[in-house]
1. For the chain, which longest stretch is free of loop sites, where a loop site is one of the GluC sites (Glu not before Pro) that DSSP puts outside H, G, I, E and B and that has at most 14 other Cβ atoms within 10 Å?
2. Sum up the charges of everything whose Cβ sits under 13 Å from the Cβ of H31, counting Lys and Arg as +1 and Asp and Glu as -1, but leave H31 out.
3. Can you pull the percent of the range 115-274's accessible area that's carbon plus sulfur, 1.4 Å probe, other chains left in place?
4. If Lys and Arg each add +1 and Asp and Glu each add -1, what is the summed charge of the other residues whose beta carbon sits under 15 Å from the beta carbon of D238?
5. Positive end of the charge dipole of the chain (Lys, Arg +1 and Asp, Glu -1 on Cβ, about the Cα centre): tell me which of N39, T166, V193 has its Cα farthest that way.
6. Pull out a ≥ b ≥ c, the square roots of the eigenvalues of the alpha-carbon gyration tensor of the range 171-284, then state rounded if a/c is under 1.5, prolate if not and a/b is larger than b/c, and oblate in the remaining case.
7. Can you list which of the trypsin sites (Lys or Arg not before Pro) found in the range 153-217 are DSSP loop residues with at most 12 other C-beta atoms within 10 Å?
8. Over the range 160-297, calculate the relative contact order: mean separation of alpha carbon pairs under 8 Å at least 6 apart, over the residue count, as a percent.
Amino acid sequence: MTADDSEARASFSRVFAAALTASGLSLSRLHRRLVAHANPVSMATLSYWRSGERSPEGTASLAAVEEIERLLDLAPGTLTGLISERVRLGSLHPPRTPFSEGQVLAALAESMEILDAPPMETKRELSTHVVADVAADGAVRGRNTQMLIQAVAPRVDAVTYTLVSTVKQLSRPEITARGARLVRDHVHESGHVYAYVLQLDQPLTLGATTMIAVTMNAGEGYAPPSEVGAFVLRPIRDLVLWTRFHPDAVPKWIDELEKSGDQTEMIHRPLRPRASIHQARRDFGPGALGIRWGYDP
């Protein structure tokens with residue numbers, strides 16, 4: 001442990017202990033509230049943090065500290081700003097795109113340049129849940145995505161996201177966002193890439209996390225592709241895709257598409273057609289996951 005790490009730990013414990021005393025909450029009551037808010041931290045760990053014997057480590061602890069700031073009515077960053085960068089980020093894998101198709105890679109690069117978009121590598125997804133609804137015509141008409149993201153740069157004000165399809169069917173959907181607002185977007189002329197930039201409601205410092213929810217709906221004249229997918233540049237803790245088909249549009253066939261880690265090719269697996277398909281992965285990526293479907297025999 002360096003001298004800087006030791007001082008950061010001492011500073012955190014002093015501010016945490018003082019804030020806890022000022023709030024009038026006991027350590028056990030704070031523990032119960034954290035559990036109730038889905039951020040369980042053991043009593044022993046909280047006691048170590050208060051005494052300075054240990055410091056918060058890892059993304060789960062960082063999320064708990066952010067919740068403690070809210071429970072103790074502290075300004076954002078009061079405690080998280082005292083956690084050393086080494087502790088706050090933990091293991092950080094280099095970003096890697098799961099796509100190898102030349103046209104897709106070129107469309108991605110051109111879209112980022114046209115948008116003057118912040119690099120996608122300034123943040124990482126810790127958890128992403130996608131719910132897609134397929135209408136009676138067999139096409140995706142609504143897509144809701146909830147993401148827990150973490151800054152891996154000193155300051156992150158805006159983030160870039162893309163939809164990618166190897167078939168030329170992408171168009172501009174209608175977007176609404178929570179936790180951020182849409183500031184610009186672009187549909188590449190190839191139809192392979194739709195990219196958009198979101199301005200965060202609150203800037204993130206290195207290691208800080210936030211939630212973003214993005215809803216996409218098909219606009220007039222939009223013919224969405226018969227596929228749902230997501231890709232990540234770094235390993236993700238939790239990735240879930242749930243595709244729900246209209247009762248009149250259950251496909252004749254469904255293929256699962258997956259590429260992760262050192263795989264060089266996308267793997268196709270046939271799935272049994274049904275009205276609801278969910279895919280769940282833990283500690284997945286970098287890679288891509290999704291399904292594609294059709295109505296021919």
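1. Numbers: sites that count: E53, E101, E189, E220, E265.
So the longest stretch without any such site is 102-188.
2. Details: positive: R29, R32, R33, R50; negative: E67.
It works out to a net charge of +3.
3. Details: 3580 of 7250 Å².
Answer for the range 115-274 is 49 percent, counting heavy atoms of protein chains only.
4. On the way: positive: R124, R234, R237, R281, R282; negative: E125, D283.
It works out to a net charge of +3.
5. Ranked along the dipole, the leading option is N39.
6. Values: a/c = 1.76, a/b = 1.25, b/c = 1.40.
Oblate.
7. Values: sites: R155, K168, R178, R181, R184; in loops: K168.
Of the trypsin sites (Lys or Arg not before Pro), the ones in loops of the range 153-217 whose Cβ has at most 12 other Cβ atoms within 10 Å are K168.
8. Numbers: 275 pairs, mean separation 33.2, N = 138.
That works out to 24 percent.
The values are calculated or read from the model by the stated rules, or taken from the named source; none is laboratory data. Everything quoted here is computed from the prediction, not taken from an experiment. All Cβ positions, glycine included, derive from the backbone under ideal geometry; neighbour counts span all protein chains shown. Remember, those area values only see protein heavy atoms, side chains included, never the ligands or the DNA or RNA. Shrake-Rupley method; radii C 1.70, N 1.55, O 1.52, S 1.80 Å.
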